[in-house]
Amino acid sequence: MLSLTMQLRRGRIVAVCAALGLSAAAAGCGSSSSSSSSTASAAATVGTSSSSTSSGVTYAKAQVAKYSNLLTTFSPPGPPLHGLKAKLSGKTVWYIPVFLQAPIFTADAKDIAQPLALAGATVHICDAGSNPSQATSCIEEAVKSNAAAIVTDAMNDSFASSAYAAAVAAKIPVVATDNDNSVGFPKSPLLTTVSIGTPQDARLAADWIIANSNGKADVVYAADNSDDGVIEAAATKDEFAKYCPGCKYAAVSFGDLTVQNLATAISSAMDREPNINYVDGGYDAPSGIYALQGAKTVTGRHFTYITSTGQPPGLERVAAGQQAADPGLDTDDAMWNTADALFRILTAAKPIASYQPALRIFTHSNVPSNTKDASAYASGQWYTNGAFKAMYQKLWGL
């Protein structure tokens, strides 16, 4: 989420807020099942057969190979669109991130402005400040100003439920991006949710562990108990269950405001289970920092360390040899996908069920040389060659 560089997507930002000592309460900075830290333990060995282990390892290795390279080809997600400039030229779209100070949202704000500018629109930013009341106020102000559209980022319906409903009632198109939980949102052709691929990112981390261990890992996973964290933890557990019958998996949960306790939870789990040899710290920061600290306090233990989100803190550890791998996804590509979702609402086109995220997994063999450059991360250059922009301009007729 970071040098305090992000998370978040929705649980990631929860961790950012916790690290900064902010209050948290919903999808991006909160909305957790509990604000207290707990050690949950879902240790389980899945399956037995050597043939199923072999097929799972083969699958995992294929996934790692597939996502190890820069993404350079992109396919249109749907039919071409027409008349966008007539819908948006000279108008204003409100962008409302859950917590603008987190680097991912600072980058998203710049990235969403690019495709909207092509259609002649300007962007007005209103920071929800990790506060549901402030988020509601932002959406209400957008409605009062007769915004051409509203894009929220990492805010599920419960974060500003009445405001979402009011925007739809006012016939203002709404895209809730960075959202893997569509529960509660108004059912309307004027509103859509967009996933940027965090469950897939979590699965890719599990795939790397399966491939690296040849299906014999004993894993402890740091599970954020926010809404998005629950989704990612479920995806991680499911990936091991499907593809690693020879693996043993356990999770320790951490609360939004008590992420610092994760270090003790990880070390305690490793003390209880002396065969743990893989530690998945969840997000690059800050949970990844605390998980690594905890694992390193267990003396005499060899373990392989991994986190997710592909941001500077994790990649710096990969480059320094402190971490083996770090899967992540391109936020620049994600914002252009978000713009496409909005444009389809505006032109009454059929919505896209899901967009293909630009995923990439980094190891010491392909980690970029400029891992400390936050602007390089924000530009998406670590993930793609940017060819999706030309594809989208042609698709939109802009």
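The values are calculated or read from the model by the stated rules, or taken from the named source; none is laboratory data. This structure is a prediction, so every number in the text was calculated from the model and none was measured. Positions of Cβ are generated from backbone atoms using ideal geometry, with glycine treated the same way; all protein chains shown enter the neighbour counts. Areas reflect the complete protein model, heavy atoms only, side chains present, ligands, DNA and RNA absent. Shrake-Rupley method; radii C 1.70, N 1.55, O 1.52, S 1.80 Å.
List of remarks:
- Exclusive hit being at pLDDT 95 or above and among the β-branched types (Val, Ile, Thr), set Thr307, Thr331: Thr307
- Subset tally (residues that are closer than 16 Å to Leu342 by Cβ and either surrounded by fewer than 18 Cβ atoms within 10 Å (Cβ to Cβ) or of a type outside the set (A, V, I, L, M) (or both)) for region 81-96: 10
- When the criteria are applied in full, Glu239 meets the requirement of being touching a Lys or Arg at 6+ places or on another chain (Cβ under 7 Å) and either on the phi > 0 side of the Ramachandran plot or open to solvent by less than 30 Å² (accessible area, probe 1.4 Å) (or both).
- Condition check for Asp201 on (1) among the charged types (D, E, K, R); (2) farther than 27 Å from Ala320 by Cα; (3) touching a Leu at 6+ places or on another chain (Cβ under 6 Å): one failure, at (2).
- Filter pass, Asp127 being acidic (Asp, Glu) and part of a loop (DSSP other than H, G, I, E, B): yes
- Residue in region 297-312 that is within 17 Å of Phe362 (Cβ to Cβ) and out of contact with any strand residue (DSSP E or B) (no Cβ under 8 Å at 6 or more places or on another chain) present: yes
- Wholly enclosed helices (runs of 4 or more DSSP H) of region 320-398 bearing at least 3 residues open to solvent by 10 Å² or more (accessible area, probe 1.4 Å) and within 23 Å of Ser182 (Cβ to Cβ): 331-346
- Pair list, Cβ < 6 Å and 6+ apart or interchain, from region 356-381 residues that are farther than 17 Å from Asp201 by Cβ and aromatic (Phe, Trp, Tyr) to residues that are open to solvent by 10 Å² or more (accessible area, probe 1.4 Å) and assigned to a strand (DSSP E or B): none
- Count of region 292-307 residues which are open to solvent by 10 Å² or more (accessible area, probe 1.4 Å) and not in a loop (DSSP other than H, G, I, E, B): 4
- Lone qualifier among Phe74, Phe99 - being surrounded by 23 or more Cβ atoms within 10 Å (Cβ to Cβ), touching a Ser or Thr at 6+ places or on another chain (Cβ under 9 Å) and aromatic (Phe, Trp, Tyr): Phe99
- All positions within region 102-113 that are open to solvent by less than 50 Å² (accessible area, probe 1.4 Å) and within 18 Å of the chain's Cα centre (by Cα): Ala102, Pro103, Ile104, Phe105, Ala107, Asp108, Ala109, Asp111, Ile112
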